[in-house]
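Below: one structure, written as structure tokens.
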Amino acid sequence: DLESLEKKRERRVKDAKAPGKAGEEAKADLAVYDKLAAALEAGRPARSVPLSDEEKPRARELFLLTAKPVLYVANVDESQLAALDSDPLVAKVRELAQAEGARMVAICSKVEAEIQQLPQTERGEYLATVGLSEPGLNRLVREGFALLGLQSYFTGGEDECRAWVISKGTRAPQAAGAIHGDFERGFIKAEVIRWDELLRHGSEAAAKSRGAMRVEGKDYVVQDGDVMHFLFNV
């Protein structure tokens with residue numbers, strides 16, 4: 001990364017001598033390069049460098065390897081599960097991740113393997129005996145989604161209920177396009193219910209009758225956990 005950055009820096013130093021906007025842009029790039037270089041020279045990854053919203057696009061254009069998002073997974077012993085927040089070894093991994101601008105999750109692979117062998121009806125009781133409210137794999141998936149800026153929404157019908165993975169900030173037409181391109185091209189509107197509202201009311205019909213279903217247009221930014229029906233015409 002440092003070698004790549006130095007090569008790009010040499011070219012931008014020349015560009016910075018140009019008059020007007022071109023020179024100013026090059027100088028702004030160099031300011032970001034200097035921040036990143038200082039971290040790399042100190043042995044820290046590029047992702048650990050705090051950057052402003054204006055600086056982040058300049059850094060992304062460098063395609064630095066150490067700028068890639070990282071998730072640390074600590075494989076702990078079953079005896080550590082009940083006190084993950086206070087465990088000193090887990091704390092060290094967490095501190096390392098935070099210092100590098102990374103994320104971290106702790107799981108016990110032995111427990112996870114045992115959970116997979118149990119029928120669904122017995123998993124809750126087993127989790128309680130080891131001090132967990134949910135499988136560690138659930139947390140691992142959530143952290144991975146957060147790391148990559150992803151979320152999901154749901155669609156349901158008589159035959160199936162399915163989750164669709166989209167990027168955070170995706171608007172309704174583009175979210176519909178995850179199902180089929182025709183949905184995006186002919187998008188008219190979307191009927192939306194929050195997943196927790198659907199569970200609370202028990203059915204879509206009940207949620208709709210109680211005002212929990214909304215109608216959203218093309219500018220609606222889909223939220224994580226939305227349950228959606230798309231109306232389209234092609």
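The values are calculated or read from the model by the stated rules, or taken from the named source; none is laboratory data. None of the values given here were measured: they were computed from a predicted structure. So basically every Cβ, Gly included, is an ideal-geometry build from the backbone, and we count neighbours across all protein chains shown.
If you go through segment 73-118 one residue at a time, how many are out of contact with any Ser or Thr (no Cβ under 7 Å at 6 or more places or on another chain), within 30 Å of Asp34 (Cβ to Cβ) and assigned to a helix (DSSP H, G or I)?
Taking segment 73-118 first, the residues out of contact with any Ser or Thr (no Cβ under 7 Å at 6 or more places or on another chain) are 73-74, 76-98, 102-118.
Add one more test, that the residue is within 30 Å of Asp34 (Cβ to Cβ), and what stays is 94-98, 102-104.
From what is left, the residues that are assigned to a helix (DSSP H, G or I) are 94-98.
Adding up the residues that qualify gives 5.
Give me the pairs, please: first residue somewhere in segment 207-234 and assigned by TED's automatic domain parsing to the domain that holds Ile166 and free of Cβ contacts under 8 Å to residues at least 40 places away in the same chain, second residue anywhere and surrounded by 13 or more Cβ atoms within 10 Å (Cβ to Cβ) and hydroxyl-bearing (Ser, Thr, Tyr), beta-carbon distance under 9 Å, and either six or more positions apart or on two chains. Cβ pairs passing all conditions: Arg214/Tyr220.
Can you tell me which residues in segment 222-234 are out of contact with any Gly (no Cβ under 6 Å at 6 or more places or on another chain), among the hydrophobic types (A, V, I, L, M, F, W, C) and not in a loop (DSSP other than H, G, I, E, B)? Outline the logic, then answer.
Our first condition is that a residue be out of contact with any Gly (no Cβ under 6 Å at 6 or more places or on another chain); within segment 222-234, this holds for 222-231.
Filter again for among the hydrophobic types (A, V, I, L, M, F, W, C), leaving 222, 227-228, 230-231.
Passing the criteria: Val227, Met228, Phe230, Leu231.
Among the criteria (1) in contact with a Phe, Trp or Tyr (Cβ under 9 Å, 6 or more places away or on another chain); (2) surrounded by fewer than 18 Cβ atoms within 10 Å (Cβ to Cβ); (3) among the small types (Gly, Ala, Ser), the one Gly169 does not fulfil is (1).
Where helices (runs of 4 or more DSSP H) sit wholly within segment 1-72, those with at least 2 residues that are closer than 26 Å to Glu143 by Cα and of a type outside the set (Gly, Ala, Ser) occupy 20-41, 56-60. Go through segment 173-229 and count every residue that is closer than 26 Å to Leu148 by Cβ and among the basic types (Lys, Arg). Selection size over segment 173-229: 2.
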